[in-house]
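Before any comments, here is the structure.
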Amino acid sequence: SRTVERGDDGALRVGGCDVRELAGEFGTPLYIVDEEDMRARAAAFRDHFTAAFGRHGAKCDVFYASKSFLSSRVARWMLDEDLNMDVASGGELEIALRGGMPPERIALHGNNKSDAEIERALKVGVGRLVVDSLGEIGIIDAIAFELGVKAPVMVRVTTGVHAGGHEYIATSHEDQKFGLSLATGAAMDAVRLVHAAENLELLGIHTHIGSQILSIDAFRESATRMLKLRADFAAESGVEMPEVDLGGGYAIAYVPGAESIDPQVAAFEMADAVAEALEAAGGSWPRLSIEPGRAISGPAGMTLYRVGVVKTVQLEEGGERAYVAVDGGMSDNMRTITYGAEYSATLAARLSDEHPKLSRVVGKHCESGDIVVRNVELPGDVDRGDLLAVPATGAYGRVMANNYNGLLRPAVVSVRDGEATLLIRRDTMEDLLRWDVAPD
Ligand code: LLP
C-alpha cells in the first residue's frame with residue numbers, strides 16, 4: 001500500500017502505525033488495511049471513469065465489489081468516496097446497510113438468490129437486482145407483485161469473451177454457472193422477458209468477464225458485445241435500455257514487478273470501445289457502470305504474521321529451502337491453495353544483513369498444501385518471534401477466512417495518520433465454543 005515505510009530501526013510503519021505496536025495491541029495474524037490507500041484507489045476509479053466517459057457526455061458509476069472485502073466502516077468509506085456497492089448475498093447487504101450505504105446505491109447479485117434475499121432487497125429498495133437465470137425472472141416478478149413494488153432489474157450476460165485467469169474465477173465461457181448466454185440467445189430472451197414482466201423495470205444489461213484480468217482488449221471486446229446486444233434489442237423493440245454494467249476484474253500486482261491494469265488506461269479504452277460500438281450500431285449513450293473489487297481493496301491490505309518454527313529441507317534438485325511457519329495459513333489466506341496465487345513476504349520489524357535464502361512461508365494447518373507464499377527470498381536468520389508481512393492480501397483474504405483446524409479468524413484493523421481502528425475483531429475461543437453445541 002502507499003503509506004508503508006521503513007523506519008530507521010528497520011520496522012515497517014503503515015498509515016503511520018508501527019507494525020510492532022499493531023501486533024502487540026491486536027495480536028497476529030492481523031490484517032492491516034491502509035485506509036488512505038483504499039480510499040485513493042476507489043477515488044481513482046471514480047475520477048478516471050467519470051472523466052473518460054464524461055468526454056462523450058456520458059456517465060459511468062463505480063460499484064465497489066464488496067465481496068472482495070467488507071465491513072460496515074468500509075461501506076461508509078465507499079459512500080464517502082461517492083461509490084456505489086455490489087453485494088452478493090443477504091449478508092453482504094446487511095453489512096452495507098449498517099455502514100449507511102443508501103439502498104438505492106446497492107446492486108444485489110447472486111446466481112442463486114433465496115426468496116428471503118430477494119424480498120429483503122426489494123423491501124429496503126435496492127437500486128438493482130442482477131438476474132442470473134431465466135427462472136429467476138418469474139420469481140422476482142412474483143415477489144415484487146406481492147410487495148406491490150416494481151423491481152429494478154439488470155440481466156447478467158455471458159458474452160463468451162475469454163479473458164484468461166484461473167478457471168475458478170473465469171466467468172465468461174459457456175460452461176460455467178453464471179449469467180445468460182449471448183451466443184445461444186438466452187440473454188436476449190431474458191431481456192425480452194424482463195421487459196414484458198408486469199412488476200419488473202428493465203434497467204439494462206450486466207456482464208462480468210472474470211477476475212484478475214490483464215487484457216484490456218478483453219474488456220473492450222466485452223463492451224462491444226454488450227452494446228451490440230443493446231442495439232439489437234432496441235432494433236426489435238424500440239426500447240433503448242438505459243444502463244450497461246461492465247463488471248469488475250481489474251488485475252493487481254501481487255508480487256513486486258508483476259503487471260496490473262491501470263484504471264486510467266482501462267477507463268479511456270473502455271469509453272473508446274463503447275463509442276466505437278455506438279458508432280457502428282447507432283443509438284444513444286447508456287449510463288455505464290463498473291464493479292472493481294480487488295483493485296480497490298487488494299493492494300490496500302497486508303497480513304502480519306508471527307514466525308514460529310523455521311526448518312530447512314534439502315531439495316532433490318540440489319540446494320535447500322527454508323520452511324518458515326507462521327501463526328496462520330490457509331485459514332486466513334485461501335488464495336494460494338485455491339488458485340495457486342503468488343504473494344511475497346518481507347521481514348516486518350527489522351532489517352537483516354544475512355544472505356537471502358530460498359524460503360516458503362507456510363501456516364500451522366494439518367496439510368502440506370497449507371502454503372501462504374510458495375517461493376520467496378528471505379534473510380537466512382529469520383527466526384521464531386520475527387514479524388513477517390505479506391502484502392496485497394486486502395482482497396479475498398478476511399472474507400474467505402475460516403476456522404479450519406479450530407483456528408481463530410484474525411482481526412482486521414485500518415490504519416491512518418498514526419491511528420488504528422478495529423474493523424473486524426478477532427474470533428475468540430469463546431466464539432468457537434459458542435458455535436459448538438455442547439453435549440448435555
Ligand atoms: N462483479 C461481479 C459480478 C463479480 O462476480 C466479481 C467477482 C466482481 C465484480 C469483482 O471482481 P474483482 O474486481 O474483485 O476481480 N475469490 C477469488 C475472486 C472471486 C471473484 C468473484 N467475483 C479470488 O480470490 O481471486
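Observations on the model:
- Under the criterion of Cα pairs below 8 Å and six or more residues apart, the relative contact order for region 27-140 equals 19 percent.
- With the charge dipole of the chain set up from +1 on Lys and Arg Cβ and -1 on Asp and Glu Cβ about the Cα centre, the Cα lying farthest toward the positive end among the listed residues A144, H208, G319 is that of A144.
- Projecting label points 7 angstrom from Cα along Cα→Cβ for R434 and Q314 puts them 5.2 nm apart.
- Taking a straight Cα-Cα cut-off under 23 Å and skipping sequence neighbours fewer than 8 places away in the same chain, the lysines within cross-link reach of K67 are K113, K123, K177.
- Working ranking of peptides 52-65, 417-430 by packing, defined as the average number of other Cβ atoms within 10 Å per residue, highest first, is 52-65, 417-430.
- Bridging of K364 to lysines at a Cα separation below 18 Å is possible for K311, once same-chain residues fewer than 8 apart are set aside.
- Considering only beta bridges that DSSP places wholly inside region 55-297, some 5 percent are antiparallel.
- For A183, the shell of other residues with beta-carbons less than 15 Å away shows a net charge of -2, using +1 for Lys and Arg and -1 for Asp and Glu.
- Amide H contacts for S181 (H built 1.01 Å from N in the peptide plane; partners 5 or more residues away or on another chain; cut-off under 5 Å): T158, A186, A187.
- Report summary: the helix-based calculation at 222 nm, which adds -39500 (n - 2.57) for every DSSP H run with n ≥ 4 and divides by the residues of the chain, gives -9500 deg cm²/dmol.
- Rel. contact order, % - alpha carbon contacts under 8 angstrom, at least six apart, region 67-203: 19 percent
- Sequence-distant contacts, meaning Cα pairs under 8 Å at least 6 residues apart, place the relative contact order of region 55-297 at 20 percent.
- Percent of beta bridges antiparallel (DSSP, the chain, rounded to nearest 5): 45 percent
- Rounded if a/c under 1.5, otherwise prolate or oblate - the chain, Cα gyration tensor axes: prolate
- Highest mean packing first, where packing is the average number of other Cβ atoms within 10 Å per residue, the peptides 180-187, 145-152 line up as 180-187, 145-152.
- Put simply, when 129-139, 295-305 are sorted by average Cβ atoms within 10 angstrom per residue, most first, you get 295-305, 129-139.
- Coupling constants for region 176-186 follow from the phi torsions by the Karplus curve (6.51 cos²θ - 1.76 cosθ + 1.60, θ = phi - 60°), and in residue order they are 8, 7, 8, x, 10, 5, 6, 4, 7, x, 5 Hz; glycine and proline get x.
- Dipole magnitude (debye, nearest 20) for the chain, charges at Cβ of Lys, Arg, Asp, Glu: 320 debye
- In this structure, D189 and A280 have a Cβ-Cβ separation that, at R0 = 22 Å, corresponds to a calculated FRET efficiency of about 0.40.
- Under a 5 Å amide H cut-off, with hydrogens placed 1.01 Å from N, V372 pairs with V361, V362, G363 among residues at least 5 apart or on other chains.
Taken together, the values in this text are just the output of simple stated rules run on the coordinates, not laboratory data. Owing to the predicted nature of the structure, the values given are computational and were not obtained by experimental measurement. Glycine also receives a Cβ, built like all others from the backbone with ideal geometry; neighbour counts cover every protein chain displayed.
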